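Worksheet for the structure shown next.
The values are calculated or read from the model by the stated rules, or taken from the named source; none is laboratory data. None of these values were measured; they are calculated from a predicted model. Every residue, glycine among them, receives a Cβ derived from its backbone with ideal geometry; neighbour counts consider all protein chains shown. Surface areas here come from the heavy atoms of the whole protein model, side chains and all, with no ligands, DNA or RNA. Shrake-Rupley method; radii C 1.70, N 1.55, O 1.52, S 1.80 Å.
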Amino acid sequence: MHPLTQLDLAAVAWFLFAWLGFNFLIDISPLRSKTLSCTMDQYRIDWMKAMCTREVRIMDTSIMAGLQQGTAFFASTALLAIGGGFALLDATERILQVAGDLSIPVADSRALWEIKVLGLMTIFAYGFFKFGWAYRLFNYSSIVMGAVPERGRASEETIHAMAKQAGELNVLAGRHFNRGQRSLFFAIAFLGWFAGPYVFAGATLAVLVVLLRRQFASRARSAVLSGQYPVFTPADKSGEYTATGSSNPFT
């Protein structure tokens, strides 16, 4: 007898449709330009434009370090979750026995339980790869950012071109980080399958609604869109540059 029922297969199909469809909607579809993520991508580019106008870039490196630390935290969390999945597989018999004693509808068979745990581990593995690659991209972005020359050391075209490269790498890193974070959100919906296909489908719908609201109708999106992108113009500098990169107006 096959461990997966028609309801289970339908719930899994709905889960995959919701997850992949949401990724398509946010990252590829024409509606992408109206999302919170797309707006933040523009801010990432503008950040690099502002960075290349500053002589002291300690603030920029601090922000980049914070992005890297957050990405590393989620990557470690996903790796720990994978280890927890192996622990669940090793304790399958005991968990099913306890669930049966408490009349908790966890799974009808050992095979079904293992399929659910392996599916959950697959989601966490996907998230780990996304977070790991995002961490590397943030590293690459910080390296390119550090290679952007100071004003007066190269032409304006070269400075802005390198700043744009750093911004594009930062945008790409942010997209992979977002996809990894979405996998964790949908992993919460996947947990509903342990209570049955109906709970699985309902949890998937709830997570999908929450994520759609955050991208298209959240207060965060309204706050981001309420700002205006500044127009950066070269500052009027007088005097000579010292060895530290600062300008002395008295020379």
Restricting the stretch 156-180 to residues that are open to solvent by 50 Å² or more (accessible area, probe 1.4 Å) and among the polar types (S, T, N, Q), the one nearest to the chain's Cα centre (by Cα) turns out to be Gln165
Within the stretch 200-226, the residues that are without any contact (Cβ under 8 Å) to a residue 40 or more places away in the chain, within 17 Å of Asp41 (Cα to Cα) and assigned to a helix (DSSP H, G or I) are Ser222, Ala223
Scanning the stretch 49-65 for residues that are part of a helix (DSSP H, G or I) and open to solvent by less than 40 Å² (accessible area, probe 1.4 Å), the one farthest from Met162 (Cα to Cα) turns out to be Ala65
Does Arg182 meet the test of being part of a helix (DSSP H, G or I) and of a type outside the set (A, V, I, L, M)? yes
Being over 18 Å from the mean Cα position of the chain (by Cα), of a type in the set (Phe, Trp, Tyr) and modelled with pLDDT of 90 or more narrows Trp47, Trp19 down to just Trp47
Taking the stretch 5-42 and keeping residues more than 23 Å from Val210 (Cβ to Cβ) and exposed (fewer than 15 other Cβ atoms within 10 Å of the Cβ) leaves Thr5, Gln6, Leu7, Leu9, Gln42
Within the stretch 83-93, of all residues that are assigned to a helix (DSSP H, G or I) and either in contact with a Pro (Cβ under 7 Å, 6 or more places away or on another chain) or open to solvent by 30 Å² or more (accessible area, probe 1.4 Å) (or both), the one farthest from Ala134 (Cα to Cα) is Glu93
